[in-house]
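A.B. asks: Let me begin by handing over the structure; questions about it come next.
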Amino acid sequence: MAHAVTETRVVTADDLLMMPDLGVRRELVRGEVREMAPPGEEHSETHTELARLLGNHVRAHALGRVYVELGFRIASDPDTVLLPDVSFVRADRIAAGPRNPGYRSGAPDLVVEVLSPGDSFDEVEEKVFEWLAAGCRMVVLLNPRRRTATVYRSPGDFVRLTVADVLDGGDVVPGWKLPLRELFD
């Protein structure tokens, strides 16, 4: 008896970049496209405010660049391109000259992900560990509904902060301190 063979095409980062914008956000995980719904108001407001507060500090101290929803190619062959809500890259890791029209290679120094109501904990945790494995030095997971932040430095080194605490950039974003109340109120 003959069996039909289905061949799945592995998508590359270049393929992903050329896909039409249909109002969905896309990531690429080991050559497989994953679509995400556009963020809701709570999600968007939280990550926009965080990007503003972080960006003001980074610019005032010439520390590097803050990005919103920039794709980072963190693995090749098969390609993985992840799209953090907010990210930071140190100045010494940014080349002079024109901006890259495609995805940035390598992991940022800081990633901030904002939980959406439809996110599953397992999927988000998998993404946190992907960032850390790719060399990201700090991943912050914001939960607007619970008004918490979980800060990861490695899979086994994390701390959960409440609205009464202060998020500290430590050695990743020197001098940056954000009272979570300021973000969530």
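A.B. asks: Helix 41-60 versus the longest principal axis of the chain: what is the Cα-based angle in degrees, 0 to 90, to the nearest 10?
C.D. replies: 60
A.B. asks: Can you give the % of DSSP beta bridges in region 31-185 that are antiparallel, to the nearest 5? Before the final figure, lay out each step's value.
C.D. replies: Values: 24 of 31 bridges.
Bridges in region 31-185 are about 75 percent antiparallel.
A.B. asks: Taking neighbour counts of Cβ atoms within 10 Å as a proxy for exposure, in what order, fewest first, do 177, 127 appear?
C.D. replies: Numbers: 177 11, 127 21.
With the fewest neighbours first, 177, 127 line up as 177, 127.
A.B. asks: Continuing with this model, one more query. So what is the calculated 222 nm ellipticity per residue for the chain, using -39500 (n - 2.57) for each DSSP H run with n of 4 or more, over all residues, to the nearest 500 deg cm²/dmol?
C.D. replies: Numbers: 4 runs with 44 residues, N = 185.
Computed mean residue ellipticity for the chain: -7000 deg cm²/dmol.
A.B. asks: Against the empirical 2.2 N^0.38 Å scaling, what ratio does the C-alpha Rg of the chain come to?
C.D. replies: Details: Rg = 17.4 Å, N = 185, 2.2 N^0.38 = 16.0 Å.
Relative to the rule-of-thumb radius for its length, the chain sits at 1.09.
A.B. asks: Let me know the charge dipole size of region 27-185 about its Cα centre in debye, to the nearest 20, where only the beta-carbon of Lys, Arg (+1) and Asp, Glu (-1) is charged. Mind dumping the intermediate values first?
C.D. replies: On the way: 19 positive and 26 negative charges, 133 e Å.
Taking the Cα centre of region 27-185 as origin, the dipole is about 640 debye.
A.B. asks: Taking the 0 to 90 degree range and rounding to the nearest ten, how far is the long axis of helix 121-133 tilted relative to the main principal axis of the chain, both from C-alpha atoms?
C.D. replies: Roughly 80 degrees, rounded to the nearest 10.
Each value in this text was obtained by applying a stated rule to the coordinates, not by laboratory testing. Small disclaimer: the values here were computed from a predicted structure and weren't measured. Neighbour counts run over all protein chains shown; Cβ positions are idealised from the backbone, glycine included.
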